[in-house]
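K.L.:
Dumping the structure here so I can ask a few things about it.
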Amino acid sequence: MSFVDKVVLITGGSSGIGKATALYLSKQGAKIAITGRNVANLQAVADECEGHKPLILVGDVNEEAAVKSIIEKTLSHYKKLDVLINNAGIIESGSIEETNVEQYDRVFNTNVRAVYCITTLAVPHLIKTKGNIVNVSSVAGLRAANGLVAYCMSKSAVDQFTKCVALDLASKGVRVNAVNPGVIVTELHKRGGMNEQQYEQFLERCKTTHALGRPGQASEVATTIAFLASDAASNITGASI
Ligand code: NDP
């Protein structure tokens, strides 16, 4: 899976799955741009990359001006875009009795609206390179989970978005796919409100809830994302792994 001379934009490249994907793709020769709100975390990822040093783009994907600037700066720096990885996301737990519209808005703005906004701006450039998009969805988009209504709905929306845009862009030579990971060891759940003890218990439960008897590692999702983004997947669109 060579990415030599491929330009890849990864949203949420400062942590977890986005970070692992940046590290992996930079090793494979990609020219990368990574986004996030925390410049120190982005810089740390850039320092760790063994290949091309990533372009760091600081911004909140919920702000349309920031999203516009992310695309513009990627294009002005690298002159083209081959791959968009829509990875930035958040989780917030809450059942229908516990959640409220503010939580729904936070989750949907980051997980769905921002994905829509950045994709619309990236598409003209991806058509030029016959590039592709990988959306980071979740098993929560495929299966219901109790106490996670907004997050599950948001990831189902990402899955449907993936399939619709794959159909829209197939004739233009642009592929669109998704990954739907199960539980992966990252900062996501702790940032979403779980304390250390709850998180340890949650990971422990993966021994029985995950077929392989363990949670996944971010590096394992990174290689799946890389496969879908690579020429090795040239006949795959509208799919989710
Ligand atoms: P992390 O919390 O480790 O990373 C999330 C990334 O998204 C960070 O780089 C963060 O950067 C960025 N981000 C979040 N909100 C914003 C925002 N408003 N603007 C810009 N960047 C933002 O989580 P993961 O790596 O686990 O999550 C990555 C994706 O994987 C998400 O879409 C998540 O839903 C999905 N996923 C995760 C699973 C898991 O078990 N971990 C399972 C299935 C799917 P910063 O905070 O600096 O802005």
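K.L.:
Can you find even one residue in the stretch 122-132 that is surrounded by 15 or more Cβ atoms within 10 Å (Cβ to Cβ) and assigned to a loop (DSSP other than H, G, I, E, B)?
P.N.:
Within the stretch 122-132, one or more residues are surrounded by 15 or more Cβ atoms within 10 Å (Cβ to Cβ) and assigned to a loop (DSSP other than H, G, I, E, B).
K.L.:
Take the stretch 101-133 and flag every residue that is away from the ligand (no atom under 11 Å from the Cβ), β-branched (Val, Ile, Thr) and within 30 Å of residue 3 (Cα to Cα).
P.N.:
Keep residues of the stretch 101-133 that are away from the ligand (no atom under 11 Å from the Cβ), which gives 101-105, 108, 116-117, 119-133.
Subset that is β-branched (Val, Ile, Thr): 101, 119-120, 123, 127, 129, 133.
Residues satisfying the conditions are 119, 120, 123, 127, 129, 133.
K.L.:
Can I ask one more? Find the residue count for the stretch 195-230, including only residues that are within 11 Å of the ligand (Cβ to nearest atom), crowded, with 17+ Cβ neighbours inside 10 Å and aliphatic (A, V, I, L, M).
P.N.:
4
K.L.:
Please state which of the following conditions residue 146 fails to meet, knowing it meets all the rest: (1) part of a loop (DSSP other than H, G, I, E, B); (2) surrounded by 23 or more Cβ atoms within 10 Å (Cβ to Cβ); (3) polar (S, T, N, Q).
P.N.:
(2)
K.L.:
Still on this model: Going through the stretch 205-219 one residue at a time, which ones are part of a helix (DSSP H, G or I) and either touching a helix residue (DSSP H, G or I) at 6+ places or on another chain (Cβ under 6 Å) or closer than 11 Å to residue 181 by Cβ (or both)?
P.N.:
Result: 218, 219.
K.L.:
When the residues of the stretch 128-159 are filtered to those that are of a type in the set (S, T, N, Q) and under 15 Å from the mean Cα position of the chain (by Cα), which remaining residue is nearest to residue 102 (Cα to Cα)? Break it down into steps so the answer makes sense when it comes.
P.N.:
So in the stretch 128-159, the residues of a type in the set (S, T, N, Q) come out as 129, 132, 135, 137-138, 146, 154, 156.
Those still in the list that are under 15 Å from the mean Cα position of the chain (by Cα) too: 132, 135, 137-138, 154, 156.
Numbers: 132: 33, 135: 24, 137: 21, 138: 22, 154: 14, 156: 19 Å.
Per the stated criteria, the residue is 154.
K.L.:
Taking only pairs six or more apart or across chains, which ones have beta-carbon atoms under 7 Å, a first residue in the stretch 151-167 that is in contact (Cβ under 8 Å) with a residue 12 or more places away in the chain and farther than 17 Å from residue 236 by Cα, and a second residue that is of a type in the set (S, T, N, Q) and buried (at least 18 other Cβ atoms within 10 Å of the Cβ)?
P.N.:
Correct list of pairs: 154/111; 155/111; 155/137; 155/138; 158/111; 158/135; 158/137.
K.L.:
Still on this structure, please answer the following. Among the residues of the stretch 13-45, which ones are small (Gly, Ala, Ser) and in contact with a strand residue (DSSP E or B) (Cβ under 6 Å, 6 or more places away or on another chain)?
P.N.:
Answer for the stretch 13-45, where residues must be small (Gly, Ala, Ser) and in contact with a strand residue (DSSP E or B) (Cβ under 6 Å, 6 or more places away or on another chain): 13, 14, 18, 22, 26, 30, 33.
K.L.:
Among the residues of the stretch 1-36, which ones are part of a helix (DSSP H, G or I), more than 13 Å from the ligand (Cβ to nearest atom) and of a type in the set (A, V, I, L, M)?
P.N.:
25
K.L.:
Considering (1) over 22 Å from the mean Cα position of the chain (by Cα); (2) of a type in the set (Lys, Arg); (3) within 16 Å of the ligand (Cβ to nearest atom), say which one residue 191 fails and leave the rest.
P.N.:
Condition (1) is where residue 191 drops out.
K.L.:
Okay, next question. Can you tell me how many residues in the stretch 59-100 are within 14 Å of the ligand (Cβ to nearest atom), of a type in the set (A, V, I, L, M), touching a residue at least 12 places away in the same chain (Cβ under 8 Å) and surrounded by fewer than 18 Cβ atoms within 10 Å (Cβ to Cβ)?
P.N.:
1
K.L.:
Only one of (1) in contact (Cβ under 8 Å) with a residue 60 or more places away in the chain; (2) at positive phi fails for residue 5. Which number is that?
P.N.:
(1)
K.L.:
Under 7 Å by Cβ, and 6 or more places apart or on different chains, what pairs join a residue from the stretch 116-127 that is more than 19 Å from residue 88 (Cα to Cα) with one that is modelled with pLDDT of 95 or more and part of a helix (DSSP H, G or I)?
P.N.:
125/75
The values are calculated or read from the model by the stated rules, or taken from the named source; none is laboratory data. Nothing here was measured: the structure is a model prediction, and the numbers come from that model. Using ideal geometry, Cβ is built from the backbone for each residue, glycine included, and neighbour counts are taken over all protein chains shown.
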